[in-house]
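See structure below.
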Amino acid sequence: MPSPTDYAVFTELSPNSKPAKPGWNRRIFTDTDAYKGGAIQCDFATGLLTLAPGTYQISGLSAVAYFAKDDPPETVVPRSPASAGYCRLRCIDPDIPVDPANMRELANSHPTVLCIGSPSTANLVPSVFETFYETDKPAQLVLEHQSGSNPDQIYLRVFVGNSKWHLFARIAIRRL
């Protein structure tokens, strides 16, 4: 049985470069920064976060970056104007049908969308969010990010300088 002190922090670092696609892109976490209890699980292959029944405080960030292979090493080359976007936290609820072929068109007013993040740009300005979530059954959540309909040279992850230590998303979940 989960204890009320369950918490977890998961991070998406950059073990490889990953270009953004038009519309919503699921964040795939790669590392566990902090973990206690058993109420919160992360599937590092799919990005699915599974929560046991309970009440949770959830916060985090999601960022994207411009990247071109000819950019100078160890730099981020800002663009102006910059592509804008934001993240959203969404519940995957089998009782609320969603057309899997039309996920990129799922409106933020859809009942599965828990919250949206602040505006961000592809100049590594993150979208941040915070919310509370209560569930009486096991729940699965995903963090998604969009940066427009044509994210040319925009990446969800950038692996450069032989370093995976470029943080692009983080989520902190605490069971109350």
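With Kirkwood's inverse mean 1/r over C-alpha pairs for Rh, give me the Rg to Rh ratio of the chain, two decimals please. Each step should come with its number before you reach the end.
Working: Rg = 16.3 Å, Rh = 16.7 Å.
Expressed as Rg/Rh, it is 0.98.
Return, for the Cα atoms of the stretch 58-123, the radius of gyration and Dmax in Å, separated by a comma.
Expressed in Å, the Cα Rg and Dmax of the stretch 58-123 come to 16.0, 49.
For the stretch 8-17, what does the Karplus curve 6.51 cos²θ - 1.76 cosθ + 1.60, with θ = phi - 60°, yield as ³J(HN,Hα) per residue in whole Hz, taken in order and with x for Gly and Pro?
Working through the residues one at a time gives 7, 10, 10, 10, 9, 8, 10, x, 7, 8 Hz.
May I ask you to compute the full-extension gain from S80 to V98, defined as 0.36 nm times their residue separation minus their alpha-carbon distance, rounded to one decimal in nm? Don't skip to the answer; put the middle values down first.
Details: separation 18, 0.36 × 18 = 6.48 nm, distance 3.60 nm.
This chain segment gains 2.9 nm when fully extended.
Extending each Cα 7 Å along its Cβ direction at K21 and D70, get the distance between those two points in nm, one decimal.
It works out to 2.9 nm between the two label points.
How many nm separate the modelled label positions at T131 and D43, each set 7 Å beyond the Cα in the direction of the Cβ?
Label at T131, label at D43, 1.9 nm between them.
Provide D152, D6 in ascending order of the number of other Cβ atoms located within 10 Å of each residue's Cβ, fewest first.
Numbers: D152 13, D6 20.
Lowest to highest Cβ neighbour count: D152, D6.
A short reminder: the numbers here are calculations on the coordinates, not readings from a lab. It should be emphasised that the depicted structure is a prediction, and the values quoted were computed from it without experimental measurement. Glycine gets a Cβ as well: all are built from the backbone with ideal geometry, and neighbour counts include every protein chain shown.
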